[in-house]
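Okay, structure first, notes after.
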Amino acid sequence: MSKKDYSKQDAKHHLHPFSDNAALARDGVRVMVKGKGIYVYDDEGNEIIDGMAGLWCVNIGYGRKELARVAKKQMDELPFYNTFFKTTHPAVVELSAKLSEVAPANFNHVFYTGSGSESVDTMMRMVRHYWASLGKPSKKIIIGRWNGYHGSTIGGASLGGMKGMHAQGDLPIANVVHIEQPWYYGLAKDGESADDFGIRAANWLEEKINEIGADKIAAFVGEPIQGAGGVIIPPKTYWPRIEEICRKHDILLVADEVICGFGRTGHWFGHQAMGFKPDIITTAKGLSSGYLPIGAVLVSDKVTEGLLAGGEFNHGFTYAGHPVAAAVAQKNLEILQDEGIVDRVHDKIGPYMQKRWHETFSKFKYVDDVRCEGLICGFTLVKDKATRELFPDFGTTGLMCRDIFFKHNLIMRACGDHMVAAPPLVITKKEIDTMLAIAAK
Ligand code: PLP
């Protein structure tokens, strides 16, 4: 097959996720063949800045040979074994210890999965099992947020608040409800401060609890910063108030850190940046920097104790704690630690990105709500800054903008008309300047 044929061949046999496949077949796709640092290369030799770290996951950048070496060694020694029936293996033991080391002190147990969606589904079953174990089986309802994203399985898509996903497949499933997202720019009242809005938005949770009854609610789940919803960064007052409400009503608090985890916000976990303490943390993506599929649900001591009291948890995936993925994740975490990548995002490259991001985008007539925390950034395309009026057909303008960037060899993503970026955490100042110069053209 010649290089040029890949795009055409792809259309013959491959159905892409989250894509209009008829349009892809008509317009063609770009064929990525190589990656190095923050760059990916297509089969026509173009060097493309990956401003999205793949899908918010290639935290240590492309082409780290150490990960390939570790994967080969593990493949040679033990390519697969399961962790179901009284067995384990060194790779998963070591990764679990490493995760306990990088997680907050009260997180000492981990349940493995193959992806973020599986982590979310696992968590949904786990919180119900936890309450049943404590003799409160009526606590089943899980509260998520509109415009949150928690994956594509039936559980994850239900918990997420993407109405387009709900529309395709009779979702959400039973016992999943939503409250409004903490989107200050779009939902604040005239003259309301960000802090006041943060408290008001968090109080929507308490209103929902009062409506349903805390005795029926298992957990509240949110991304510390909504990623796929368009990098919605809540006001600083939001999460501490959410935590207070969960504690008051005895409801588990879950941070879905599939995007925010492993350095994205300049902390190991996004909840640390947002100032709250969860009971469960769902992860994937940055855990292996996307080099192999693996997810993990990090479980606090309090929740572990409840689970252990409940006997067998009838749940698990064949690839849970897959040896090769575990070995790669372990090496990835070592690289993040040894090279001080998380601190670098916090102290140096994050602040630089924030400054340059604001300088670059604030000046455009149709750009507003320019925002950035660590290395997760967004802005919104708006028709009128003064009135905050959005463009009609939310998302159409974003897609146009995304396609223009892509033509200029820059990958950024449009989440509706929110334009977002989340480059590899190893990006340099010079690379940030190049990326933003392309975007501002
Ligand atoms: N949770 C969050 C917060 C995510 O952003 C995602 C994916 O983007 C998921 C869950 C689902 O992860 P995956 O696509 O690995 O199933």
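The values are calculated or read from the model by the stated rules, or taken from the named source; none is laboratory data. These numbers come from a predicted model, not from an experiment. Glycine also receives a Cβ, built like all others from the backbone with ideal geometry; neighbour counts cover every protein chain displayed. Calculation scope for accessible area: heavy atoms of the full protein, side chains included, ligands and nucleic acids excluded. Shrake-Rupley method; radii C 1.70, N 1.55, O 1.52, S 1.80 Å.
Some notes on this structure:
- Cross-link pairs beyond the 32 Å C-alpha cut-off, checked among K277/K430; K277/K441; K86/K285; K236/K385; K277/K363: K277/K430; K277/K441; K277/K363
- The GluC sites (Glu not before Pro) of the stretch 1-77 that meet both conditions, a loop assignment by DSSP and at most 13 other Cβ atoms within 10 Å of the site Cβ, are E44.
- Accessible surface of the chain, 1.4 Å probe: 55 percent of it comes from carbon and sulfur atoms.
- Figure note: R402, R145, R64 ranked by solvent-accessible area, largest first, 1.4 Å probe, ligands and nucleic acids not counted: R402, R64, R145.
- Protein heavy-atom accessible surface, 1.4 Å probe, per residue over the stretch 259-315: 31 Å².
- For the chain, the share of DSSP beta bridges that are antiparallel, to the nearest 5, is 65%.
- At the residue level, F405 shows approximately 10 square angstrom of accessible surface with a 1.4 angstrom probe and all protein chains present.
- Cross-link partners of K12 among aspartates and glutamates (Cα-Cα below 19 Å; sequence separation of 8 or more within a chain): D20, D27, D43
- Cross-link table K139/K248; K140/K248; K383/K407; K8/K407, entries beyond 21 Å C-alpha to C-alpha: K383/K407
- Restriction of the chymotrypsin sites (Phe, Trp or Tyr not before Pro) in the stretch 48-105 to DSSP coil positions whose beta-carbon has at most 14 other beta-carbons within 10 angstrom yields F80, Y81, F84, F85.
- Loop sites in the stretch 293-384: trypsin sites (Lys or Arg not before Pro), DSSP, at most 12 other Cβ within 10 Å: K363, K365
- For the stretch 155-233: rounded, prolate or oblate by the Cα gyration tensor [a/c cutoff 1.5]: oblate
- Averaged over its residues, the stretch 48-145 has an accessible area of 45 Å² per residue, based on protein heavy atoms and a 1.4 Å probe.
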